[in-house]
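Reading through the structure tokens given below for one structure.
The values are calculated or read from the model by the stated rules, or taken from the named source; none is laboratory data. What you see is a predicted model, and the numbers here were worked out from it, not measured in a lab. In this analysis, Cβ positions are derived from the backbone assuming ideal geometry, glycine residues included, and neighbour counts consider all displayed protein chains.
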Amino acid sequence: MARYTGPVERIERRLGVSLELKGERRLAGKSALDRRPYAPGQHGQRRAKISEYGQQLREKQKIKYYYGVLEKQFRRFFKEANRLEGSTGENLIKLLERRLDNVVYRMGFATTRRFARQLVTHGHILVNGKKVNIPSYLVKEGDRIEIREKSKNNPQIQRALELSAQTGIAPWVDVDKEKMVGVFQRVPERKEVNIPVDERLVVELYSK
């Protein structure tokens, strides 16, 4: 299945939660979900009962859209999370948080993960001094992430850093905004990652 390129706010309205798919509009309280907090479509305001399977599937969709991963990628991450010691659900979130596009977003270099993914694929990001253009690249503790010199005047990146004063920088990264350099200090604990998802339902879905 190809990556979704339609109106992302429609997804948030369908799932009923903010997935941080919009940048400045979300921060300004002007997102579609704020204005119309119900599902899109003619029957969007009707309350419908959701089956157990439907709830599990919805949680999986939330995670996929939140981190911007496709089904094949998601299955690969889940398989790896299940292989590791500890809680599979928590391991899954930790692995997704280590994706390069997500780390770029967490450091405040982009207003959305979609823009962060674009920065990575277009070669604007260096990891330990080397260009990495793979959004799913897993960042390790101590890795240095920076905007390449030629891209530091990019107005969208500069605007994202300005807005990061409102959104805040994740506590597991250390960022020098002036130099546009950050260090991934550690993998976050699940309780630190504030996302509207119950990953236990996803584990139940794949355990059937």
>> If the requirement is being among the hydroxyl-bearing types (Ser, Thr, Tyr) and within 19 Å of Pro171 (Cβ to Cβ), which of these qualifies: Tyr105, Tyr65?
In response: Tyr105
> Which one of Ile157, Ile147, Ile134 is over 27 Å from Lys62 (Cα atoms), in contact with a helix residue (DSSP H, G or I) (Cβ under 9 Å, 6 or more places away or on another chain) and free of Cβ contacts under 8 Å to residues at least 60 places away in the same chain?
Replying inline: Ile147
>> Conditions first: (1) exposed (fewer than 14 other Cβ atoms within 10 Å of the Cβ); (2) closer than 19 Å to Arg99 by Cβ. Lys208 passes all but one, so which condition is the exception?
In response: (2)
> Which of the residues that make up the stretch 175-208 are hydrophobic (A, V, I, L, M, F, W, C), at pLDDT below 95 and not in a helix (DSSP H, G or I)?
Replying inline: Val193, Ile195, Val197
> How do the pairs read when you match residues in the stretch 61-80 that are among the polar types (S, T, N, Q) with residues anywhere that are part of a helix (DSSP H, G or I), using Cβ under 8 Å and keeping only pairs 6 or more apart or on different chains?
Replying inline: Gln61/Leu15
> Do we find that Val69 is in contact with a Gly (Cβ under 9 Å, 6 or more places away or on another chain), modelled with pLDDT of 60 or more and under 29 Å from Val132 (Cβ atoms) in this structure?
Replying inline: no
> How about the stretch 144-174: which of its residues are within 23 Å of Lys191 (Cβ to Cβ) and either modelled with pLDDT of 95 or more or in contact with a Ser or Thr (Cβ under 7 Å, 6 or more places away or on another chain) (or both)?
Replying inline: Trp172, Val173, Asp174
> Do we find a residue being surrounded by 12 or more Cβ atoms within 10 Å (Cβ to Cβ), at pLDDT 75 or above and assigned to a loop (DSSP other than H, G, I, E, B) anywhere in the stretch 89-99?
Replying inline: yes
>> Pull out all pairs, ordered by first then second residue, where Cβ-Cβ is under 8 Å, the residues are six or more apart or on different chains, the first lies in the stretch 163-187 and is under 24 Å from Asn153 (Cβ atoms) and touching a residue at least 40 places away in the same chain (Cβ under 8 Å), and the second is surrounded by fewer than 18 Cβ atoms within 10 Å (Cβ to Cβ) and acidic (Asp, Glu).
In response: Leu163/Glu24; Gly182/Asp174; Gly182/Asp176; Val183/Asp174
>> Return the pair list, or none, for Cβ contacts closer than 7 Å from residues in the stretch 197-208 that are under 14 Å from Gln61 (Cβ atoms) and without any contact (Cβ under 8 Å) to a residue 12 or more places away in the chain to residues that are in a helix (DSSP H, G or I) and among the charged types (D, E, K, R), at least 6 apart or on different chains.
In response: none
> Looking only at the stretch 115-142, which residues are of a type in the set (Lys, Arg) and buried (at least 20 other Cβ atoms within 10 Å of the Cβ)?
Replying inline: Arg117
